[in-house]
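I have placed the structure first, in the form of structure tokens, so that the comments after it can refer back to it.
The values are calculated or read from the model by the stated rules, or taken from the named source; none is laboratory data. Predicted, not measured: the structure shown is a model, and the values here were computed from it. So basically every Cβ, Gly included, is an ideal-geometry build from the backbone, and we count neighbours across all protein chains shown.
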């Protein structure tokens, strides 16, 4: 039965940083509003695939350690996009496997513990969360204080409305494939620029030859990277637009890889840009993890993106009943 | 768009965006005609969007064109933009004139005294220069609805602060980088704060959501604490200023 957002999941504890995210807020960067949305879009899509939802439906983005939730509607099917310690409390059953869905009845409690692989996982519910969009999206943009639960992270006592009062018929599914959850040790691929011309050949070589470490001062705005400095010939440029994946270099020479809650523009030169297939990997990097970069050209990046799209489109053939 | 003295440069931002950079942005000095070129191309794309274009982000000297690499390629996009640039210019919107009240100094403008000292001016002279300038919105960016205002008098030019603040309050009116700006939401910032305006520049519950747009002009009017308190009350009850023309 369709309901107009009846409370369906009661938040008992919120976890470290759990926010409502969807495919993001589009078309407003010209006004200074970043896209936000899931930091790992592949996790979002696959969680929604398992839940039987449109790919960009609103889900919970769990960071590090997840929430405890109590079911307050007739039943709900939850799907775990990623690999976390997820169990149904006070029941002897096995934990929820990575990349699988599970139907829960009223009163049952789901505890999402530590994210085991990567940094984030996604929790989709059948029908999607019924969170009123703000400026076209349900995504939480913490710095702007909009979207999701009043523009903030979840907290204990919140009630999350869902679109369906009852789990749709059919079996709970799992993915018969193991998509990446951790960001592997493979280098992140970048296209140099747009402002690579403001860096010396030695600085460009250093970017591609050095290991950087993800700083604990990283968030959905950007990953601060610590390593050999990359001095630019000019430290301030006329502010221009950024993208998710832009690698800007601050006055101290340290790079920051921008994520989805980034400023839409910035005054630091951007030495390189992470290619679109590797942007979801940025959302999986944990503080302390090493990062390396390798350079490709635009045509290679476009080829890799088309191949990745074919791979993801084929994932629906890998759905199996549990 | 035959107005361009020299053709723009295309700079890739990986496989999802192309930066169209217009030449002749002298470092630090911002030319209105460069901004016009950016807004002309932006208007041309809005009128006839090339296939695969998702959104455009105008900045003062460049336009970022974001695209879906599954619908087009950067090579195709460049060809489409070349064709648009060869056509007669599409006039961008004319822009409105706004007057924004500001309470300078005190808790609302923590850096006013320091700015005066570093510029070799009195506080009164700083306020006088800032309220007599006619600013132009060069772009919105960084935070929702944050205007980068060109037209700052040279006497008020300062680099950004060495120690950026973690939280600059909503409404703060600041200067740096040869420009002025207004913080529409509380956020990190390295500009020198001169005062505060009570007028919201970003309000998702209001129409329009964003008060200022590129090509608008802005003048600031100094108001005292009493007037500020009255304006804060008026704004809280939904009052918004109208543009002058």
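Points worth noting:
- So residue B:147, is it in contact with a strand residue (DSSP E or B) (Cβ under 8 Å, 6 or more places away or on another chain) and not assigned by TED's automatic domain parsing to the domain that holds residue B:39: yes
- Any hit, the stretch B:148-159, residues being touching a residue at least 60 places away in the same chain (Cβ under 8 Å), at positive phi and at the interface with chain A (Cβ under 9 Å from one of its Cβ atoms): no
- Count of the stretch A:54-99 residues which are touching a helix residue (DSSP H, G or I) at 6+ places or on another chain (Cβ under 9 Å) and either surrounded by fewer than 20 Cβ atoms within 10 Å (Cβ to Cβ) or closer than 13 Å to residue A:117 by Cβ (or both): 6
- Yes/no for residue B:92 being in a loop (DSSP other than H, G, I, E, B), touching a residue at least 12 places away in the same chain (Cβ under 8 Å) and over 30 Å from residue B:241 (Cβ atoms): no
- In the stretch A:183-202, residue nearest to the other protein chains (Cβ to nearest Cβ) [restricted to those that are outside any loop (DSSP other than H, G, I, E, B) and either touching a strand residue (DSSP E or B) at 6+ places or on another chain (Cβ under 6 Å) or within 27 Å of residue A:280 (Cβ to Cβ) (or both)]: A:191
- Filter result for the condition that a residue is surrounded by 17 or more Cβ atoms within 10 Å (Cβ to Cβ), under 16 Å from the mean Cα position of the chain (by Cα) and either modelled with pLDDT of 95 or more or part of a helix (DSSP H, G or I) (or both), over B:152, B:84: B:152
- Consider the stretch B:197-222 and keep the residues that are in a loop (DSSP other than H, G, I, E, B) and away from every other protein chain (no Cβ under 14 Å). The one that is nearest to residue A:267 (Cα to Cα) is B:197.
- Taken over the stretch A:246-276, the residue count meeting the criterion of being touching a residue at least 40 places away in the same chain (Cβ under 8 Å), in contact with a strand residue (DSSP E or B) (Cβ under 7 Å, 6 or more places away or on another chain) and either assigned to a loop (DSSP other than H, G, I, E, B) or at the interface with chain B (Cβ under 7 Å from one of its Cβ atoms) (or both) is 9.
- Flag for residue A:180 being outside the structural domain of residue A:101 (by TED's automatic domain parsing) and part of a loop (DSSP other than H, G, I, E, B): yes
- Hits in the stretch A:1-25 - residues which are at pLDDT below 95 and part of a loop (DSSP other than H, G, I, E, B): A:1
- Residue A:107 vs. criteria free of Cβ contacts under 8 Å to residues at least 40 places away in the same chain, under 22 Å from residue A:86 (Cα atoms) and surrounded by fewer than 20 Cβ atoms within 10 Å (Cβ to Cβ): yes
Conditions tested, residue by residue: (1) touching a residue at least 40 places away in the same chain (Cβ under 8 Å); (2) more than 16 Å from residue A:256 (Cα to Cα).
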residue	(1), (2)
A:283	yes, no
A:288	yes, no
A:296	yes, yes
A:299	no, yes
A:303	no, yes
A:310	no, yes
A:313	no, yes
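Conditions (1) outside any loop (DSSP other than H, G, I, E, B); (2) over 12 Å from the mean Cα position of the chain (by Cα), marked per residue:
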{"position": "B:128", "(1), (2)": "yes, yes"}
{"position": "B:170", "(1), (2)": "no, yes"}
{"position": "B:173", "(1), (2)": "yes, yes"}
{"position": "B:180", "(1), (2)": "yes, no"}
{"position": "B:185", "(1), (2)": "no, yes"}
{"position": "B:195", "(1), (2)": "yes, yes"}
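- Sole exception among (1) without any contact (Cβ under 8 Å) to a residue 40 or more places away in the chain; (2) in a loop (DSSP other than H, G, I, E, B) for residue B:229, by number: (2)
- Residue match in the stretch A:279-292 (condition: more than 30 Å from residue A:175 (Cβ to Cβ) and within 13 Å of chain B (Cβ to nearest Cβ)): no
- Residue match in the stretch B:107-120 (condition: touching a helix residue (DSSP H, G or I) at 6+ places or on another chain (Cβ under 9 Å), assigned to a loop (DSSP other than H, G, I, E, B) and within 14 Å of chain A (Cβ to nearest Cβ)): no
- The stretch B:55-65, subset assigned to a strand (DSSP E or B) and facing another protein chain (nearest Cβ under 7 Å), residue nearest to the chain's Cα centre (by Cα): B:58
- Among the residues of the stretch B:66-80, those that are in contact with a helix residue (DSSP H, G or I) (Cβ under 6 Å, 6 or more places away or on another chain), facing chain A (nearest Cβ under 10 Å) and in contact (Cβ under 8 Å) with a residue 40 or more places away in the chain comprise B:69, B:74.
- Test for residue A:230: is it more than 10 Å from chain B (Cβ to nearest Cβ), closer than 30 Å to residue A:147 by Cβ and buried (at least 17 other Cβ atoms within 10 Å of the Cβ): no
- Applying the condition of being in a loop (DSSP other than H, G, I, E, B) and more than 14 Å from every other protein chain (Cβ to nearest Cβ) to the stretch A:27-45 and asking which residue is farthest from residue B:202 (Cα to Cα) yields A:40.
- Tally, over the stretch A:235-244, of residues that are part of a loop (DSSP other than H, G, I, E, B), facing chain B (nearest Cβ under 7 Å) and modelled with pLDDT under 95: 3
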